[in-house]
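The values are calculated or read from the model by the stated rules, or taken from the named source; none is laboratory data. Here the structure is a predicted model, which means the values were calculated and not measured. Virtual Cβ from ideal backbone geometry, glycine too; neighbours counted across all protein chains shown.
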Amino acid sequence: MMMKNVVVILLIISQQLLAQDVSFKTTVSKNRLGVNERLRITFSINKQGADDFTPPDFKNFKVLAGPMQSSNFSNFNGKMSFEQSYIYTIQPKRKGVFTIPSASIKYDGKVLKTNTVKITVTNAVAIPKDPNNPKFIASQNIHLVAEISNTNPYVGESISVVYKIYVDVTKVSVRNTREVESPSFNGFWNQNIEVNRWEPKEGSFQGKPHRYAIIKKTVLIPQKAGKLSIDPMEIEITAGVPIGRRDLFGNMISNNTTLTLSTGKRIVEVKPLPLANKPVDFSGAVGDFNFKVTPNKTTLKANESAQIKVEVSGKGNLKLVSLPDIETPNGLEKYAPEHKENITTTLGGLVGNIYDQYTVVPQFRGKFKIPPVSFSYFSLKDKTYKTVTSEAIIINVPQGKTPTEVDIATSVFKRDVISNAKDIRYISTKASLQPIEEKEDFLGSTLFYTLLVLPLLSIPLGIFIGMKKRERDSDIIGNKRRKADKLAKKYLSAAKKQLKNKEQFYIALEKALHNYLKAKLQVETTDISKEKISELLQKRKVDTDTIDDFIKVLSDCDYARYTPTTNVMMRQEYDKARTIIAKIDKQL
């Protein structure tokens, strides 16, 4: 018994020694750096078999590269060592003193954690003004700029931002680029114009000849008045700087250096739309438009359909325009409209047309008047509000039932029999008659008893269905969920149809989310911004997590249209949007 206890004690001691022998630690290339510098952070463990590595939250840093994994095994004078490392390159987002938390990993069934690391971030470190320093030469001859077409627009007025890179090719060359920070446009509706490839052109920067290339083009529509900021774009550039010598083949030898360029934050002063003479039916349309309401035909038969098109065309914030409804009189049935958009995004704004096409069907003969429809917009050309009113439309139905006949069509009433000599065609004097075969009497037949028992069998079935209905009606939470899910499907139906068309899908998804908010919160298009959405939903007691999820889906719509996206990812975005709409609807 004593021997057994000794063995157990030895096993426990050996396990503790083995556990103490495991080292999992964090090391950094430097603990103090400028906000424009970067550092290398390494998480290393000295034992094989570790897995499920979880990095810390780099919330105060941008991850520029990583994780890169490396393994090192050595045997020196019979002493073996092993090290497995996970390496990141990170850059601070702002000044301050930050603590990088512990990373974790699993080894031998236990979770191990590294030490924390304190990093001090100072002001940006100036690049030494050494004319022989490759980084200094590159920074003086490569420039990233954001050119804004109009820094003082109205709410709803389209502006453009063109991102250009200028290079003095006589002193430096660009070898490689990587976008490390995409610009964000809080307070703006935005859409990128695709740049297929960088085309170098001749130009000038600060009065000196440079070559430049357009790397990104974006159209913005401000959604609220005041100072709106456009966050910077940052790109990492690998540049080649000639050193003044040539190789054996006569080619100039260059030193490669890496630097990060930024456009800096830009401010746009957005003017509010004037309140004077603002039409009652104004819903946020800004630009210069034409408006018309046209039928495809005005003479119909009863139960024959016609299409009424309500169309806005021109240049302006077309994707944010709400079209007015048409009103139809009694007896002219109106169906939900089909919405169509034919819009081209240019640096000058959105150009094209949008329309709602209604199907109307008369129920009886007569003349039906569709009243005039008005559309109001703010004209950027004249700086005034304008209202366009269509002509009234008369639908003529010369044939069909009268309203009275329609009302009594299902009733039975007498008619005088009209004598007609043509009813008696021919009286035959010969007949070939055959005896009728005797058939089984229905009374007492199998069919007779089946039909007799069938109503009795339906009684328990009706009771069962009634119980299920009462159970379903009493399920308040379930009913709310089903109602919310139905509402989500309604608003997201257009997006679902575009699941195989990336850009159209995200445009439709974004518009569906906007339309949902407009319907539920009774807000105008001009009030729809991420800040306003958050404020309105908080007032309606929607929880913070749900609001954050909704804002994230909206942001994803902006970002995902211009990044590689799979059908599976689009389906996930669709399901996420449907779930969030259902959550918000239940809480509202």
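At-a-glance table
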item: Residues being among the small types (Gly, Ala, Ser) and part of a strand (DSSP E or B) - total across segment 173-185; result: 1
item: Filtered residues of segment 33-47 (kept if under 40 Å from the mean Cα position of the chain (by Cα) and either in contact (Cβ under 8 Å) with a residue 60 or more places away in the chain or assigned to a strand (DSSP E or B) (or both)); result: 33, 34, 35, 36, 37, 39, 40, 41, 42, 43, 44
item: Test result for residue 137, within 30 Å of residue 165 (Cα to Cα) and more than 38 Å from the chain's Cα centre (by Cα); result: yes
item: Residue 379 being surrounded by fewer than 17 Cβ atoms within 10 Å (Cβ to Cβ) and touching a Gly at 6+ places or on another chain (Cβ under 8 Å); result: yes
item: All positions within segment 367-385 that are out of contact with any strand residue (DSSP E or B) (no Cβ under 6 Å at 6 or more places or on another chain) and part of a strand (DSSP E or B); result: 384
item: Residue in segment 212-225 that is more than 30 Å from residue 530 (Cβ to Cβ) and over 34 Å from the mean Cα position of the chain (by Cα) present; result: no
item: Criterion: among the aliphatic types (A, V, I, L, M) and under 28 Å from the mean Cα position of the chain (by Cα) - qualifying residue of 373, 351; result: 351
item: Every pair of residues 6+ apart whose Cβ atoms lie under 6 Å, when the first sits in segment 102-114 and is outside the structural domain of residue 59 (by TED's automatic domain parsing) while the second is surrounded by fewer than 19 Cβ atoms within 10 Å (Cβ to Cβ) and not β-branched (Val, Ile, Thr); result: none
item: Residues that are under 15 Å from residue 241 (Cα atoms) and outside any strand (DSSP E or B), drawn from segment 148-172; result: 168, 169, 170, 171, 172
item: Some residue of segment 278-294 being over 28 Å from residue 187 (Cβ atoms) and either exposed (fewer than 13 other Cβ atoms within 10 Å of the Cβ) or without any contact (Cβ under 8 Å) to a residue 24 or more places away in the chain (or both); result: yes
item: Verdict on residue 330 being outside the structural domain of residue 182 (by TED's automatic domain parsing) and modelled with pLDDT of 90 or more; result: no
item: Leading residue by the ranking (farthest from residue 380 (Cα to Cα)) among those in segment 238-283 that are at pLDDT below 90 and in contact with a Leu (Cβ under 8 Å, 6 or more places away or on another chain); result: 239
item: Residue in segment 531-544 that is in a helix (DSSP H, G or I), charged (D, E, K, R), farther than 25 Å from residue 153 by Cα and at pLDDT 70 or above present; result: yes
item: Any hit, segment 285-303, residues being under 32 Å from the mean Cα position of the chain (by Cα) and in a loop (DSSP other than H, G, I, E, B); result: yes
item: Residues that are under 21 Å from residue 203 (Cα atoms) and of a type in the set (A, V, I, L, M), drawn from segment 147-174; result: 148, 161, 162, 165, 167, 169, 172, 174
item: Among residues of segment 343-360, those that are surrounded by fewer than 17 Cβ atoms within 10 Å (Cβ to Cβ) and hydrophobic (A, V, I, L, M, F, W, C), counted; result: 2
item: Pick from segment 87-104, criterion touching a Ser or Thr at 6+ places or on another chain (Cβ under 7 Å) and not in a loop (DSSP other than H, G, I, E, B), ranking: surrounded by the most Cβ atoms within 10 Å (Cβ to Cβ); result: 100
item: Residue tally, condition touching a Lys or Arg at 6+ places or on another chain (Cβ under 9 Å) and either without any contact (Cβ under 8 Å) to a residue 40 or more places away in the chain or of a type in the set (S, T, N, Q) (or both), over segment 187-242; result: 10
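A quick yes/no check of all residues on (1) hydroxyl-bearing (Ser, Thr, Tyr); (2) in contact with a helix residue (DSSP H, G or I) (Cβ under 7 Å, 6 or more places away or on another chain); (3) within 12 Å of residue 119 (Cα to Cα); (4) modelled with pLDDT under 85:
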{"site": "42", "(1), (2), (3), (4)": "yes, no, no, no"}
{"site": "76", "(1), (2), (3), (4)": "no, no, no, yes"}
{"site": "80", "(1), (2), (3), (4)": "no, no, no, yes"}
{"site": "98", "(1), (2), (3), (4)": "no, no, yes, no"}
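Conditions (1) at pLDDT 55 or above; (2) in a strand (DSSP E or B); (3) of a type in the set (D, E, K, R), marked per residue:
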residue: 6; (1), (2), (3): no, no, no
residue: 17; (1), (2), (3): no, no, no
residue: 49; (1), (2), (3): yes, no, no
residue: 65; (1), (2), (3): yes, yes, no
